[in-house]
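Undergrad: My questions all concern the structure below.
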Amino acid sequence: MGVKMKITVIGGAGVRTVIFINGLLKRYKALNIDEVVLYDIDREKLQVISKLCRHVISRNNKELELKTAHNAIKAIEGADYIVTTLRVGGDHSRVADETIALDAGVIGQETTGAGGFSMAVRTIPVLMDYCEIIKRYAPNAWVFNFTNPSGLVTQALRNAGYDRVIGICDAPSSTKFRMADALGVDEKELYIEFFGLNHLSWIRSVKRRGTEILPDLLKDTGFLNNVQEFSMFDPELLQTTGFLPNEYLYYYYHREKALENILKSGGTRGKAIEAVNMQMMEELNSMDMDEDPEGALQTFLYYMAVREHSYMNIETGKDKKEVIHKGRLEVPDGMGYAGVMLDCIEGLQSEEGGYLVLSVENDGCIAGLDNKDVIEVTCKVSKAGIRPVPVGEVPEPCYLLIRLIKLYEKLTVRAIETKSRGTAIQALTLHPLINSYSLAKKLVEKYDEAYGGIF
């Protein structure tokens, strides 16, 4: 019998927490976890989400102990693992971030470009405060940062000396799952190597039972069209680069299409998510969740399915017409960030370990980057630690884009640390989705105005 462990979720009122708990139920005993604490500053939403989580636990006849906390120190104290999944300013700040960018004629997206910059500026100081509490009250805890923009935020926290912070993102694991599905194989049969930065990465190797199949996949337009992440790209582009792309590269490779589609839609992804979340909370608050917990859960699952099926629709101009039947929905198995985090915990507790895509310090992995640069890469995770799989030199088109975005990230972190408007403008000027001093200056002024003097 192992030592019992505690997971704390900072931002526990987030809608993904229910799915996180469901994923944990299948594995908590094997991972020696017996307690989960949800903490959030939004007490009303936390109450709703925690009730849904408790119902998920009880309908599965599990004994996992779920607690809520209204005090950050109490939530963090003694935790072995901590997830940070914050949205500072709530959904409406995302809408403001994206709208201000669009009004300036650039892509409005919460993690990429101007929107990601604004979110980072609001978020990093708050996470720094939490990390100070963690350093004092749970100094040995592993911190899994799922807060967007995940790579940039993780870079800031690592720069500040919080060396047990790992950036996690569910995009690579979701891509692997869909690739396996398109190939009709179990995902465990595939070994996939990613390299780059969070939301700016490429797949450079796909092995099925040890045999390299990437060149064949790049020629297979049927396969490319059957995988959501790849179907939005021109197949000739993928054959030219020789890699399979992270879906967020769509904003770079098809920038004018993305911008045109967003403007044509008359809204933004943030606005769509805000509307879905508001409708969901309104409906849940009107229900007697204690009297009909399953009805409440089905309502929640319906809105989560609506949200999931609308992913990237606005940006790509494609509308996936799928009928969602409320009342007959299963709780997703937690493949998302929960799966990445739990796979990482399992790896850290295992001698043999396994391979995962994480945001970690470069440490010589990609040639030409600083050792302290946070990259997103396939890592071997075991009791021996987290070791990036060596990549070496990468083709110049990828390398130049990685270097440029990494410089933008580092300047953004410095701007936040020093509250320097000039450095903030310099950061956005360099970003390829902005690429203009006058635009960068205008954006910094608008975000500063919207959030009450951030610089």
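The values are calculated or read from the model by the stated rules, or taken from the named source; none is laboratory data. A quick note: this is a predicted structure, and the numbers were derived from the prediction, not measured. As a convention, Cβ positions derive from the backbone with ideal geometry for all residues, glycine included, and neighbour counts pool all protein chains shown.
Undergrad: Can you find a residue in the stretch 24-31 that is part of a strand (DSSP E or B) and farther than 20 Å from residue 292 by Cα?
TA: No, that holds for no residue.
Undergrad: Go through (1) among the small types (Gly, Ala, Ser); (2) more than 19 Å from the chain's Cα centre (by Cα); (3) in a helix (DSSP H, G or I) and name the single condition residue 338 misses.
TA: The failed condition is (2).
Undergrad: Every residue in the stretch 312-333 that is modelled with pLDDT under 75 and either polar (S, T, N, Q) or under 15 Å from residue 19 (Cβ atoms) (or both), please.
TA: 333, the sole residue that qualifies.
Undergrad: Within the set of pairs 6 or more residues apart or between chains, which connect a residue that is touching a residue at least 40 places away in the same chain (Cβ under 8 Å) and outside any helix (DSSP H, G or I) inside the stretch 383-410 to a residue that is β-branched (Val, Ile, Thr) and surrounded by 19 or more Cβ atoms within 10 Å (Cβ to Cβ) with Cβ atoms less than 6 Å apart?
TA: Correct list of pairs: 386/360; 389/378; 391/366.
Undergrad: Against the conditions (1) of a type in the set (Asp, Glu); (2) over 27 Å from residue 455 (Cβ atoms); (3) in a helix (DSSP H, G or I), where does residue 132 fall short? Just the number, please.
TA: (2) is the only condition that residue 132 fails.
Undergrad: Taking the stretch 85-98 as the search range and keeping residues that are of a type in the set (A, V, I, L, M) and not in a loop (DSSP other than H, G, I, E, B), which one is surrounded by the fewest Cβ atoms within 10 Å (Cβ to Cβ)?
TA: 96
Listed here are the residues, each with its yes/no results for (1) without any contact (Cβ under 8 Å) to a residue 12 or more places away in the chain; (2) part of a loop (DSSP other than H, G, I, E, B); (3) closer than 25 Å to residue 93 by Cα.
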| residue | (1), (2), (3) |
| --- | --- |
| 225 | yes, no, no |
| 251 | no, no, yes |
| 258 | no, no, yes |
| 281 | no, no, yes |
| 296 | no, no, no |
| 314 | no, no, yes |
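Undergrad: With respect to residue 82, is the statement that it is in contact with a helix residue (DSSP H, G or I) (Cβ under 7 Å, 6 or more places away or on another chain), over 18 Å from residue 448 (Cα atoms) and either assigned to a helix (DSSP H, G or I) or of a type in the set (A, V, I, L, M) (or both) true? Don't jump to the end; show me each part of the working.
TA: On the way: in contact with a helix residue (DSSP H, G or I) (Cβ under 7 Å, 6 or more places away or on another chain): yes; over 18 Å from residue 448 (Cα atoms): yes; either assigned to a helix (DSSP H, G or I) or of a type in the set (A, V, I, L, M) (or both): yes.
Here the answer is yes, as residue 82 does meet what is asked.
Undergrad: Against the conditions (1) in contact with a Phe, Trp or Tyr (Cβ under 8 Å, 6 or more places away or on another chain); (2) surrounded by 13 or more Cβ atoms within 10 Å (Cβ to Cβ); (3) closer than 25 Å to residue 402 by Cα, where does residue 276 fall short? Just the number, please.
TA: Of everything listed in (1) in contact with a Phe, Trp or Tyr (Cβ under 8 Å, 6 or more places away or on another chain); (2) surrounded by 13 or more Cβ atoms within 10 Å (Cβ to Cβ); (3) closer than 25 Å to residue 402 by Cα, residue 276 misses just condition (3).
Undergrad: Looking only at the stretch 283-294, which residues are in a helix (DSSP H, G or I), surrounded by fewer than 19 Cβ atoms within 10 Å (Cβ to Cβ) and either in contact (Cβ under 8 Å) with a residue 24 or more places away in the chain or of a type outside the set (D, E, K, R) (or both)?
TA: Across the stretch 283-294, the qualifying residues are 285, 293, 294.
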